[in-house]
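Participant: Quick one: the structure is below, and I'll ask about it shortly.
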Amino acid sequence: MTQDELKALVGQAALQYVTPGEIVGVGTGSTVNKFIDALATMKDQIPGAVSSSVASTARLKALGIPVFEANEVTELSVYIDGADEIDAQGHMIKGGGAALTREKIVAAQSRRFVCIADESKMVKALGAFPLPVEVIPMASARLIRQFAALGGKAHLRLKDGAPLVTDNGQHILDVTGLQITDPLAFESEVNQWPGVVTVGVFAHQKASVCLLGTSSGVKTLTF
Ligand code: 5RP
């Protein structure tokens, strides 16, 4: 199966976690796009979704799925999203699509995080994928030096030759060369550096379940 087919497989499989009558939390990315397409087949059974990005909101609305603001909803039973990396404990690196802050917000208001990913995303230790960090633009040069002190090399993410601007009006640093041996401690530490909006390690908001697309079908991992 191609990677695209594996993404479609887990996107479809995630429907079993959507509770009829309840609003669902929806992430961002190419795997989630498959889930959104599958969700359209049950749009008459749910009030709608809380979305983690402008892109997912547009896709949901185009398929006739109502989108609620996060502030309109107290708690969600499930949040469904992809990952750039996931380890055997359910810790993840996210933010390849620059939506990490809103993703973490919606994940935090959800009782369960269902990660949908093809098997290339499963890793022994986090850190091979360049770690996305959303930052306040005026802090980026200092934060690049702060990551260098940890042995990391941080680059400002560009789009069409200019710094990429997130849905929140901020910038993204992508950091390579880090050893993330304790994801919980690492997330807590970096999140309190002045100028960091969100670090793309999801350890406090880790996955509860991972639907992993493999050549022999969907594997369900629980954490
Ligand atoms: C976006 C994310 C995505 O979940 C992550 O990048 C995986 O994306 P894809 O499903 O396209 O591989 O964190 O900010």
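The values are calculated or read from the model by the stated rules, or taken from the named source; none is laboratory data. The shown structure was predicted, so the numbers you read here are calculated from the model rather than taken from an experiment. So basically every Cβ, Gly included, is an ideal-geometry build from the backbone, and we count neighbours across all protein chains shown. Accessible surface is based on the protein model in full, side chains and every heavy atom, while ligands, DNA and RNA are left aside. Shrake-Rupley method; radii C 1.70, N 1.55, O 1.52, S 1.80 Å.
Participant: Filtering region 119-145 down to residues that are within 21 Å of residue 182 (Cβ to Cβ) and assigned to a helix (DSSP H, G or I), which residue is nearest to the ligand (Cβ to nearest atom)?
Facilitator: Result: 121.
Participant: Going residue by residue through region 93-109, is there one that turns out to be crowded, with 23+ Cβ neighbours inside 10 Å and farther than 30 Å from residue 182 by Cβ?
Facilitator: Within region 93-109, not a single residue is crowded, with 23+ Cβ neighbours inside 10 Å and farther than 30 Å from residue 182 by Cβ.
Participant: So, one more: When you scan region 91-143, how many residues do you find that are out of contact with any strand residue (DSSP E or B) (no Cβ under 8 Å at 6 or more places or on another chain), aliphatic (A, V, I, L, M) and in contact (Cβ under 8 Å) with a residue 40 or more places away in the chain?
Facilitator: Adding up the residues that qualify gives 5.
Participant: Of (1) open to solvent by 30 Å² or more (accessible area, probe 1.4 Å); (2) within 15 Å of the ligand (Cβ to nearest atom), residue 11 satisfies all except one. Which?
Facilitator: Here residue 11 clears every test but (1).
Participant: Identify all residues within region 146-186 that are of a type in the set (Lys, Arg) and either open to solvent by 50 Å² or more (accessible area, probe 1.4 Å) or part of a strand (DSSP E or B) (or both); write none if there are none.
Facilitator: 153, 159
Participant: Okay, moving on. Among 189, 119, which is over 27 Å from residue 23 (Cα atoms), open to solvent by 60 Å² or more (accessible area, probe 1.4 Å) and in the same structural domain as residue 39 (by TED's automatic domain parsing)?
Facilitator: It is 119.
Participant: I'd like to check something: does region 6-13 contain any residue that is assigned to a loop (DSSP other than H, G, I, E, B) and either touching a helix residue (DSSP H, G or I) at 6+ places or on another chain (Cβ under 9 Å) or farther than 21 Å from residue 104 by Cα (or both)? It would help to see each step written out before you state the result.
Facilitator: We begin by selecting, within region 6-13, every residue assigned to a loop (DSSP other than H, G, I, E, B); these are none.
There is no residue in region 6-13 that is assigned to a loop (DSSP other than H, G, I, E, B) and either touching a helix residue (DSSP H, G or I) at 6+ places or on another chain (Cβ under 9 Å) or farther than 21 Å from residue 104 by Cα (or both).
Participant: Also: Considering each residue of region 98-118, count those that are in a helix (DSSP H, G or I) and either among the small types (Gly, Ala, Ser) or away from the ligand (no atom under 12 Å from the Cβ) (or both), and give that number.
Facilitator: Residues in region 98-118 being in a helix (DSSP H, G or I) and either among the small types (Gly, Ala, Ser) or away from the ligand (no atom under 12 Å from the Cβ) (or both): 3 in total.
Participant: Which residue, of 34, 61, is surrounded by fewer than 17 Cβ atoms within 10 Å (Cβ to Cβ) and at pLDDT 95 or above? Lay out the reasoning, then the answer.
Facilitator: Values: 34 fails: surrounded by fewer than 17 Cβ atoms within 10 Å (Cβ to Cβ).
Answer to the check: 61.
Participant: Give me a count of the residues in region 45-78 that are more than 16 Å from the ligand (Cβ to nearest atom), outside any loop (DSSP other than H, G, I, E, B) and either over 21 Å from residue 208 (Cα atoms) or not assigned by TED's automatic domain parsing to the domain that holds residue 15 (or both).
Facilitator: 7
Participant: List every residue pair whose Cβ atoms sit under 9 Å apart, with the two residues 6 or more apart in sequence or on different chains, where the first one lies in region 44-66 and is at positive phi and the second, anywhere, is part of a helix (DSSP H, G or I) and open to solvent by less than 10 Å² (accessible area, probe 1.4 Å).
Facilitator: 48/60
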